[in-house]
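Below is one structure, written out as structure tokens; comments come after it.
The values are calculated or read from the model by the stated rules, or taken from the named source; none is laboratory data. Values in this document were obtained by computation on a predicted structure and should not be read as measured data. Quick reminder, even Gly has a Cβ in these numbers, built from the backbone with ideal geometry, and neighbours come from all protein chains shown.
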Amino acid sequence: MNKTILVVDDEASIQLAIKTVFEDTYNVIMVSNTVNANRELKNNVIDLLMLDYSLPGKNGLDYLKELKQKQQNLPVVFMTAYGTEKIVSDISKLKNVYYLSKLFDVDELVKLVNEILGEHQVELKKINPSAVTLSERERKVLNDIIGYIKERFTQKITCRDIAVHFQMKEAEIKSIFILQTGKTIQEYINTYRMLIGKHLLKSTNQSIEQISKRIGFKSKDTFHRLFIKHFNQTPGKLRIKK
């Protein structure tokens, strides 16, 4: 029987990304607030909680501290784009909590979740040092860039476009972005497109060519090549499995 992940996050794009990555391997339950999280924890056997810091009402860290008084052994991946030293310090004092920057690399997230839910125990908390060292200004810039990309991911976006939009130097944008995400801007765009493409393949009857154009690729061949690179199978093979 597949293990169950409960995701508590009110950002639709993050919910979609996590569900798309893990739904073939685990049962994934999505909620957007702590009230619904408590309901799911009461009614289901949850093997892993993925919790965002910024939530409506009570923030994720306060909720986590209360939850750990009742369920110390529940593994938790705590996600935030605001990884201040105090937040990381507070998390490090809690049992079975693993920190991950919300601007995560997909491979990093998959590896962490598989380690937590697999046969091998994770020995060290996963701390992304770059998330701690970013200044408030840099964190805001990074979040704004991510938002800009997600709003326009179907279009051609270059670092120059972003630099002009935010009135910044290209070199500074590249430095902030790659230090935090581990990807270039184009790699991040392609990864996000692949997640959306995978979701559309499984949830719609649109042709592969229609989906490739819908997510911003002029060529179906480019979509096909990148899909294999990201998911180790062709779009057609995934569709047969759905």
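Does LEU49 fit the bill of being modelled with pLDDT of 90 or more and either touching a Phe, Trp or Tyr at 6+ places or on another chain (Cβ under 8 Å) or part of a strand (DSSP E or B) (or both)?
Criteria met by LEU49.
For the stretch 171-191, the set of residues classified as of a type outside the set (Lys, Arg), under 14 Å from GLU138 (Cα atoms) and free of Cβ contacts under 8 Å to residues at least 40 places away in the same chain consists of ALA171, GLU172, ILE173, SER175, PHE177, ILE178, listed by residue number. Of the residues making up the stretch 175-210, those that are modelled with pLDDT of 90 or more, in a helix (DSSP H, G or I) and over 21 Å from PHE22 (Cα atoms) are ILE185, GLN186, ILE208, GLU209, GLN210. If you go through the stretch 46-76 and pick out every residue that is of a type in the set (Val, Ile, Thr) and touching a residue at least 40 places away in the same chain (Cβ under 8 Å), you end up with 1. Taken together, the residues in the stretch 1-15 that are in contact with a strand residue (DSSP E or B) (Cβ under 9 Å, 6 or more places away or on another chain) and either over 16 Å from VAL113 (Cβ atoms) or of a type in the set (A, V, I, L, M) (or both) amount to 8. Exactly one residue among LYS111, LYS126, LYS102 is at pLDDT 80 or above and either surrounded by fewer than 16 Cβ atoms within 10 Å (Cβ to Cβ) or in contact with a helix residue (DSSP H, G or I) (Cβ under 8 Å, 6 or more places away or on another chain) (or both), and that residue is LYS111. Within the stretch 13-40, being under 20 Å from PRO56 (Cβ atoms) and in a loop (DSSP other than H, G, I, E, B) holds for SER32, ASN33.
For LEU67, which of the numbered conditions (1) over 14 Å from the mean Cα position of the chain (by Cα); (2) closer than 30 Å to LYS198 by Cβ; (3) crowded, with 19+ Cβ neighbours inside 10 Å fails to hold? Failed condition: (2).
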